[in-house]
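Chemist: Below you'll find the structure I mean.
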Amino acid sequence: MLGCMELDADACYRAVQSRDTRFDGQFYTAVRTTGIYCRPSCPAITPKRQNVSFHPTAASAQADGYRACRRCLPDAAPGSPLWNIKSDLAVRAMRLIGDGVVEREGVEGLSRTLGYSSRQLNRVLLAELGAGPLALARANRATTARVLIQRTELAMSDIAFAAGFSSIRQFNDTIAAVFATTPSKLRTELPRRENVAPAPIPSGVSLKLPLRQPYNVAWSTWLLEHHCARGVEDFSEGRYTRALRMPHGPVVVTLTVAADQVRADLQLTDMRDLAPAVARLRHLLDLDADPAAVDDALLSHPALAPLVAEAPGIRVPGTVDGSELLLRTMIGQQISVSAANTATANLVAALGEEVTDTTGRVTHLFPTAESVAAAGAGVMVGPAARIGAIVGAADMLATGKLELHQGMTATDMRRQLLEIKGIGPWTADYVVMRQLADPDVLLEHDLVLRRGALAEGINLAAARGCSPWRSYVSMHLWRKGIAAQTRPHNRTRKGNS
């Protein structure tokens, strides 16, 4: 895997010559003679070495005056895996920009969330990514606009504001600058490689979520199916449906997971939530990972090699909502997964807001932290200490004393979680792993993981040496621990939290 912010031009050019799709999204190739930037795997004739430059982000190429290739659609490539591997300021800013923070709160809001001044943040992003926060957000808006233009029949004026542009003129100028065409012409140019029929509902969007292969469909769908909470989630007929709480209203999404892509059918209350919703779904399924790099590294460990060979492309589950993740994890402490799903479903039915789902698969949003803090004690059953801890955590989330966002470092998030009554090392590690897509968390306190290690004769001390991929080691050992049980759907959730 190429270091995205420390690009080796010769290595980049070799990747372009090979047209290796694994490098798509890790850097962008700008061609001086055409004024176009491409993904590394672009099928066009490979340009001469002296005619190309390389950029860590699409926004960097756009800032230098290059237009997106309408043949390879570089904006449709998977995101860089470095947004998960690294945790420096630039990477944390990229995560928040992808979630739409600049559109909702401006650069000042982004800077405030990260704890830096706008001037400091702009300087760091320019140095590391080749573009400032406004340019990075503009690149995201351009991608959202392209998707809405080619996936819906919305009027261009509606698309402009849904994508986050402040005026029709800004929208038209950006499309011209990024794609060298007009919005109306772009609508007629839907490439065959992106061919997905428009959604049949007015507020719907259907699109492909690209990924890097291999993708272990069996593992990801097993996790989705066996951790479903009735009401807010459903897994049936091979499809996963869930309700998401987004800034401008509820979103219901149905995912169909395949080895080469994930199809997402979204029902949106407000089209402004499209880009953040897609970012959260990619995070949920770990679609921006570089599985070849992970598998190659783990295959070099003799004890782990058989597990990796048996299940290549395994992914680490993320989340669509940090508050929901924490509360559901606490609900599931020391009880089986099926019991946790039932308890969560009861909480959803009692306190969740109703949503409209044209598929009829889901009925509610997960309750807000405020509602759990106010009324959760009267709904939940179980030990008083656990209920008190859940309500206490919900109150901290509701009052802002605890924040769980992707702009945090793993160290800060873990420290804050461990300060909360009722949260121990397993819960803290599990939440950090999923909320931040941290690839380097070994869930040593997990009973199922330990069972898997024992079944395979793997010493956890050796697994500690697999940095920075210990979260993927955890998944392989989890998988073996689950297989070692006679009733995998009733496994105990976990540890000594």
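Chemist: For Lys401, list the lysines whose Cα falls under 30 Å from its own Cα; do not include residues on the same chain fewer than 8 positions away.
Modeler: Within the straight-line cut-off, Lys401 pairs with Lys86, Lys421, Lys494.
Chemist: Let me ask another. Might you report the magnitude of the Cβ-based charge dipole of segment 271-497 about its Cα centre, with Lys and Arg at +1 and Asp and Glu at -1, to the nearest 20 debye? If you can, show how the numbers build up before the last one.
Modeler: Details: 22 positive and 23 negative charges, 146 e Å.
Its charge dipole is roughly 700 debye.
Chemist: Show me 86-96, 106-116 ranked by packing, highest mean number of other Cβ atoms within 10 Å first.
Modeler: 86-96, 106-116
Chemist: Also, quick follow-up: Of (i) -0.43, -1.29, -1.41; (ii) -0.47, -1.25, -1.35; (iii) -0.27, -1.34, -1.54, which one was derived for log10 I(q)/I(0) by the Debye sum over Cα atoms at q = 0.06, 0.13, 0.14 Å⁻¹ from the structure shown?
Modeler: (iii)
Chemist: Same structure, new question: Counting DSSP beta bridges with both partners in segment 1-195, what percentage is antiparallel, nearest 5?
Modeler: Of those bridges, close to 70 percent are antiparallel.
Chemist: Now a separate question. Explain nothing, just the number: dipole magnitude of the chain about its Cα centre with +1 on each Lys and Arg Cβ and -1 on each Asp and Glu Cβ, in debye rounded to the nearest 20.
Modeler: On the way: 55 positive and 48 negative charges, 128 e Å.
Result for the chain is approximately 620 debye, rounded to the nearest 20.
Chemist: In whole angstrom, how far apart do the alpha carbon centroids of segment 381-420 and segment 86-129 sit?
Modeler: The two parts, judged by their Cα centres, are 24 Å apart.
Chemist: Using the Karplus curve 6.51 cos²θ - 1.76 cosθ + 1.60 with θ = phi - 60°, work out ³J(HN,Hα) for each residue of segment 305-318 in order, rounded to whole Hz, and write x for Gly and Pro.
Modeler: 3, x, 5, 5, 5, 6, 9, x, x, 5, 10, 9, x, x
Chemist: Ok, one more. Per residue of segment 355-363, what does 6.51 cos²θ - 1.76 cosθ + 1.60 with θ = phi - 60° give for ³J(HN,Hα)? Whole Hz please, x for Gly and Pro, Karplus curve as stated.
Modeler: Each residue of segment 355-363 in turn: 10, 9, 10, 5, 7, x, 8, 10, 10 Hz.
Chemist: From the gyration tensor of the Cα coordinates in segment 77-128, what semi-axes in whole Å does the equivalent ellipsoid have, largest first, with each one equal to sqrt(5λ)?
Modeler: Numbers: eigenvalues 64, 36, 16 Å².
Semi-axes from the Cα gyration tensor: 18, 13, 9 Å.
Read-outs throughout are calculated quantities, based only on the coordinates presented, and are distinct from any laboratory measurement. Predicted model, so just to flag it, every value in this text is computed and none were measured. Cβ coordinates were reconstructed from backbone atoms using ideal geometry, including for glycine residues, and neighbour counts include every protein chain displayed.
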